[in-house]
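Read-outs: derived from the displayed coordinates by stated rules, not from any lab. Keep in mind the model is a prediction, meaning the values are calculated, not measured. Glycine also receives a Cβ, built like all others from the backbone with ideal geometry; neighbour counts cover every protein chain displayed.
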Amino acid sequence: MRYDKRESKQYAQQHLRGIWAAVPTTFKENLDLDLEAFGHNVEHWVEKLQIDGLFVGGKQGEFFSMSIEERKRLFETSVRCIRGASRPAGVMLSCSDQNLDVVLKLAQHAEVLSADYIVVHSPMLPFATDVDSTVYEYYRYLSECISVPIAMWNHPDCGYVMSPALCARIARDCPSIVAIKYSVARSLYAELTHMTQGTLLVSSSSEVEWLDNIAELGWRLYLCSIPPILYQTPHDRRMQQYTQLAFSGDLQAARLVRDSLEPVRRALHDSRPPGTPHAQQKYWQELLGQAGGPVRPPLLNLTDSQRKTIQTAFAQSGLRHM
């Protein structure tokens, strides 16, 4: 792919659309990367679930437990498998890290691989006294150094929330900043959406609010969280179904399909043991026929008793997985 910063925003407005799922990373029982299993998952997600794009190596993907070389190998596998799929899908690679040198090295590798986009989380700033200026300079510098289109990501767990005004300023001044995963209150991301029409694609990780955001904010991008690969099977793609109904303007039918997924949402939520979101979601993948596997320390794996509880919830969720 040829990157041209002057064209990045227009390219993203045209192509960064649909449902993009944040995906887990597979590890073997000895905790080595299992790239063969990950490749099979990519094929499943793209070919059978018909997901529009994958967000690889983020917090859902346990990037914090991987070395730089492991992250690069995961990038390579992702791009190769997605490019080899029989239907088109996009790839966004997470280069987030607290070390700026690591971010740049991963971004350069993403460029070599011709990834469609990268995502970079806003930095943790425990000692900052001027957060806005610091975060602005962080993204300005990255945009200057990196050619591949960049999606920002802000979440309160980094210690602060980027204001809509700050996000809009960064988007205005940095041609390669094309999107943001804005994990904040709806009032904030709605404000940012109205401020940046045509210059920044705004999205939230909330599947519960996705349909309302299509209808009320004109969104055409879901970026990015794990529900698309946990709420759907090759025989039961209701998230895709209600999304397409909403895109076509049939909101009444879309709401009926969306609401029919409530037992799945409730089953996942109610069967999650404290402190085990990654492990629970990986086990749910296994119940769906995907590769799951263990999580790496310091994350917690499941006990046998916890697995039985999740099995029962899965059986009662109503997902048609056969």
Filter the stretch 204-242 down to the residues that are free of Cβ contacts under 8 Å to residues at least 40 places away in the same chain and polar (S, T, N, Q) and list them by number. SER204, SER206, ASN213, GLN241
If a residue must be within 23 Å of the chain's Cα centre (by Cα) and part of a helix (DSSP H, G or I), how many such residues does the stretch 289-313 contain? 0
Conditions (1) part of a helix (DSSP H, G or I); (2) crowded, with 21+ Cβ neighbours inside 10 Å: number failed by GLN241: (2)
Restricting the search to the stretch 206-238, which residues are surrounded by fewer than 21 Cβ atoms within 10 Å (Cβ to Cβ), assigned to a loop (DSSP other than H, G, I, E, B) and either hydroxyl-bearing (Ser, Thr, Tyr) or in contact with a His (Cβ under 6 Å, 6 or more places away or on another chain) (or both)? SER206
If we ask which residues in the stretch 129-176 are within 18 Å of LEU104 (Cα to Cα) and either in a strand (DSSP E or B) or touching a Leu at 6+ places or on another chain (Cβ under 7 Å) (or both), their number turns out to be 8
Test result for ILE118, outside any strand (DSSP E or B), surrounded by 21 or more Cβ atoms within 10 Å (Cβ to Cβ), touching a helix residue (DSSP H, G or I) at 6+ places or on another chain (Cβ under 8 Å) and not small (Gly, Ala, Ser): no
Among the residues of the stretch 122-137, is any touching a residue at least 24 places away in the same chain (Cβ under 8 Å), within 22 Å of THR25 (Cα to Cα) and buried (at least 19 other Cβ atoms within 10 Å of the Cβ)? yes
I'd like to know if the stretch 302-322 contains one or more residues that are of a type in the set (Phe, Trp, Tyr), surrounded by 18 or more Cβ atoms within 10 Å (Cβ to Cβ) and more than 23 Å from GLY39 (Cα to Cα). yes
How many residues are within 23 Å of ASN213 (Cα to Cα) and assigned to a loop (DSSP other than H, G, I, E, B) when one looks only at the stretch 258-288? 1
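Conditions (1) touching a residue at least 12 places away in the same chain (Cβ under 8 Å); (2) surrounded by 15 or more Cβ atoms within 10 Å (Cβ to Cβ), marked per residue:
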residue	(1), (2)
GLU29	yes, no
GLU36	no, no
VAL42	yes, yes
CYS81	yes, yes
GLN98	yes, no
SER114	yes, no
Of the residues that sit in the stretch 138-149 and are surrounded by 15 or more Cβ atoms within 10 Å (Cβ to Cβ) and of a type outside the set (Gly, Ala, Ser), which one is nearest to SER114 (Cα to Cα)? VAL148
How do the pairs read when you match residues in the stretch 303-314 that are touching a residue at least 12 places away in the same chain (Cβ under 8 Å) and within 16 Å of PRO277 (Cβ to Cβ) with residues anywhere that are hydroxyl-bearing (Ser, Thr, Tyr) and surrounded by 14 or more Cβ atoms within 10 Å (Cβ to Cβ), using Cβ under 8 Å and keeping only pairs 6 or more apart or on different chains? GLN306/THR276; ARG307/TYR283; THR309/SER271; ILE310/SER271; ILE310/TYR283; ALA313/SER271; PHE314/SER271
